Amino acid sequence: MQGFTRLFTVEEANALIPGLRPVVEELLGTFREIRAEIEEAAGQAKLPLGSPELGKHLEERAVAPRLFDKVKRLIERIHSNGCLVNGPEAGLIDFPCLFNNEIVFLCWKYGEPGIGYWHRIPDGFAGRQPLLDLSSPEEGARVH
């Protein structure tokens, strides 16, 4: 299973989304808080965003460590369901799925009503295709 703890059908992935939605919402809110703290620290220190000096300043002042710990806990909570966070700042969650003897990802983005897309593992979000493109699975495939 290539290191995945479980494989999902579309129905199984969709069944998890109502429980994942508030966790992903909290994750996105935490990223907004981190961004705000970094921007505030940059303004106070009069350093441009992205500068090495700002990185050092943030580290010295321990800006946002509590929030980074929160991000880690939220991601671990999502992973505990067997799905993957592949775009935490965008709310992208992937669900491993067996299709035609190949593991692919069923793809959900926060704000979407449910699983509507899939992609091959190396293709990532840019390679998302509508679920309709998962046509005629072989016998034994876990996509319905």
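The values are calculated or read from the model by the stated rules, or taken from the named source; none is laboratory data. Just so it is clear, the model here is predicted, and its values are computed rather than measured. In this analysis, Cβ positions are derived from the backbone assuming ideal geometry, glycine residues included, and neighbour counts consider all displayed protein chains.
Residues of segment 66-81 that are in contact (Cβ under 8 Å) with a residue 40 or more places away in the chain and more than 12 Å from the chain's Cα centre (by Cα): Lys70, Asn81.
Within segment 88-116, being under 27 Å from Arg35 (Cα atoms), assigned to a loop (DSSP other than H, G, I, E, B) and touching a strand residue (DSSP E or B) at 6+ places or on another chain (Cβ under 7 Å) holds for Ala90, Gly91. For the structure I just gave you, tell me whether Thr30 is out of contact with any Cys (no Cβ under 9 Å at 6 or more places or on another chain) and polar (S, T, N, Q). For Thr30, the condition - out of contact with any Cys (no Cβ under 9 Å at 6 or more places or on another chain) and polar (S, T, N, Q) - is met. For segment 82-108, a residue qualifies if it is under 23 Å from Leu132 (Cβ atoms), of a type in the set (Asp, Glu) and within 12 Å of the chain's Cα centre (by Cα), and exactly one does: Asp94. Among the residues that make up segment 86-94, is at least one of them in contact with a Cys (Cβ under 6 Å, 6 or more places away or on another chain) and either surrounded by 12 or more Cβ atoms within 10 Å (Cβ to Cβ) or at pLDDT 95 or above (or both)? Looking for residues that are in contact with a Cys (Cβ under 6 Å, 6 or more places away or on another chain) and either surrounded by 12 or more Cβ atoms within 10 Å (Cβ to Cβ) or at pLDDT 95 or above (or both), one finds at least one in segment 86-94, hence yes. Looking at segment 59-77 only, could you name the residues that are among the aliphatic types (A, V, I, L, M) and modelled with pLDDT under 80? Passing the criteria: Ala62, Val63, Ala64.
Quick one: which residue in Gly82, Gly43 is farther than 16 Å from Ala13 by Cα and among the small types (Gly, Ala, Ser)? Let's see the steps before the verdict.
Working: Gly82 fails: farther than 16 Å from Ala13 by Cα.
Answer to the check: Gly43.
Out of Gly50, Gly3, Gly43, one residue alone is under 30 Å from Leu131 (Cβ atoms), out of contact with any Ser or Thr (no Cβ under 8 Å at 6 or more places or on another chain), among the small types (Gly, Ala, Ser) and loosely packed, with under 14 Cβ neighbours inside 10 Å. It is Gly3.
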